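Scroll down for the structure; my scribbles are underneath it.
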Amino acid sequence: MDLTGLVKSLSVPPGFDPPRELAYEDIRASVLSRGDLDDDARGINASVDLIARTRGGGWPTGPVDADDNYADLVWHELEFREGYSYSYVVRRDDGRYLGCCYLYPVGRRVALTEELLRHDVDVSWWVTAEAYEQGYYTTLYDALRHWVVTDYPFGSPYFSNRELP
C-alpha cells in the first residue's frame, strides 16, 4: 500500500484536555509558546549540530532568527489549541532551559509506512548541548516514555529521534 504523503491524525477521546504542564524528576515541561522565544532561539542556535545528530529530520537547517522562530512558536501554540500536535518547552526545576519535546501525528516527521500505522503518536525531542552533557537527553526520553502513556491516551508511541538512549 502506498502511503506517501499521508499523515495519521492524533486520536484522543472526546473532551480530552491535554496537560499544560508535565513533571518528571527535576524537569518540567510546559506548553511551548511565543513567551519562550528568547530561550528557544538561544537554545536552538547553540545546538544546531546536536539537534541534527540526535533528533534528525529536516529542522533546523541552520541558526534561527527571532522572526522565523516567533512564527514557529505561534504555529505550535495553534496546533496545541486545535489538538493537531502537542509541543512543550522543557526546563529544570530552577527554570533553566533544557530543550523541547513534540507529540506529532505519525507521518508528519517521517514518511508513513505500513509498519508505522500501528503507532498512535510520533514522539521526538531535543536538548541543548549543555543539557546533553548533563544527561538530560536520556532523562527527557524517560520522561516522555512515562508521560505519553500516563498523561496522554496513547498506547503505541513511535520515538522518531535518530539517536535513542
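By how many nm would the segment from Arg96 to Leu164 lengthen if fully extended, with 0.36 nm per residue of separation less the alpha-carbon distance? It would help to have the intermediate numbers written out before the result.
On the way: separation 68, 0.36 × 68 = 24.48 nm, distance 2.34 nm.
Separation in residues times 0.36 nm, less the Cα-Cα distance, equals 22.1 nm.
I'd like to compare 11-24, 151-164, 127-140: which one has the highest average count of other Cβ atoms within 10 Å, and what's the full order after that? Each step should come with its number before you reach the end.
Numbers: 11-24: 12.0, 151-164: 15.8, 127-140: 19.2.
Those peptides, ordered most packed to least, come out 127-140, 151-164, 11-24.
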Span from the segment 103-165 Cα centroid across to the segment 4-61 one, whole angstrom: 10
From phi via Karplus (6.51, -1.76, 1.60), per-residue ³J(HN,Hα) for segment 149-162 in Hz, x at Gly/Pro: 10, 9, 9, 10, x, 9, x, 9, x, 10, 8, 8, 4, 5
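Considering only protein heavy atoms and a 1.4 Å probe, what is the carbon-and-sulfur percentage of the accessible area of segment 102-165?
Working: 1270 of 2720 Å².
Carbon-and-sulfur percentage of accessible area, whole number: 47.
With a/c under 1.5 counting as rounded, go ahead and sort segment 30-71 into rounded, prolate or oblate using the C-alpha gyration tensor (a ≥ b ≥ c being the square roots of the eigenvalues; past the cut-off, prolate if a/b is larger than b/c, else oblate). Can you show the working numbers first?
Working: a/c = 1.94, a/b = 1.61, b/c = 1.21.
Note, shape of segment 30-71 comes out prolate.
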Paramagnetic reach from Arg34 in segment 45-87 [backbone N under 20 Å; point 7 Å along Cα→Cβ]: 64-87
Rounded percent of accessible protein surface that carbon and sulfur make up, segment 1-99, 1.4 Å probe: 50
FRET efficiency, 1/(1 + (r/R0)^6) with R0 25 Å, evaluated for Val110 and Ser156 via beta carbons: 0.95
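Per DSSP H run of n ≥ 4, the term is -39500 (n - 2.57); total these for the chain, divide by its residue number, and report the mean residue ellipticity at 222 nm rounded to 500 deg cm²/dmol. Walk me through the intermediate numbers first.
Details: 5 runs with 53 residues, N = 165.
Value at 222 nm, helices only: -9500 deg cm²/dmol.
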Tensor-based shape of segment 76-165 (alpha-carbon gyration tensor, a/c under 1.5 rounded, otherwise prolate or oblate): prolate
Per residue accessible area in Å² of the chain, where ligands, DNA and RNA are left out and the probe is 1.4 Å: 50
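Please get the size of the charge dipole for segment 1-127, origin at its Cα centre, with Cβ charges of +1 on Lys and Arg and -1 on Asp and Glu, quoted in debye to the nearest 20. Please report the intermediate quantities before stating the final value.
Details: 14 positive and 23 negative charges, 42 e Å.
The calculation lands at about 200 debye.
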In order through segment 117-134: 3J(HN,Hα) via Karplus (6.51 cos²θ - 1.76 cosθ + 1.60), integer Hz, x for Gly, Pro: 4, 6, 8, 10, 7, 9, 10, 9, 6, 8, 10, 5, 4, 4, 5, 4, 4, 8
Cα gyration tensor shape of segment 57-118, rounded if a/c is under 1.5, else prolate or oblate by comparing a/b with b/c: prolate
Alpha-carbon Debye profile of the chain, log10 I(q)/I(0) at 0.16 Å⁻¹: -0.92
Interchain or long-range residues, amide H under 5 Å from Leu6's placed H: Leu112
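The values are calculated or read from the model by the stated rules, or taken from the named source; none is laboratory data. What you see is a predicted model, and the numbers here were worked out from it, not measured in a lab. Don't worry about glycine lacking a Cβ; one is built from the backbone with ideal geometry, like all the others, and counts go over all protein chains shown. Surface areas here come from the heavy atoms of the whole protein model, side chains and all, with no ligands, DNA or RNA. Shrake-Rupley method; radii C 1.70, N 1.55, O 1.52, S 1.80 Å.
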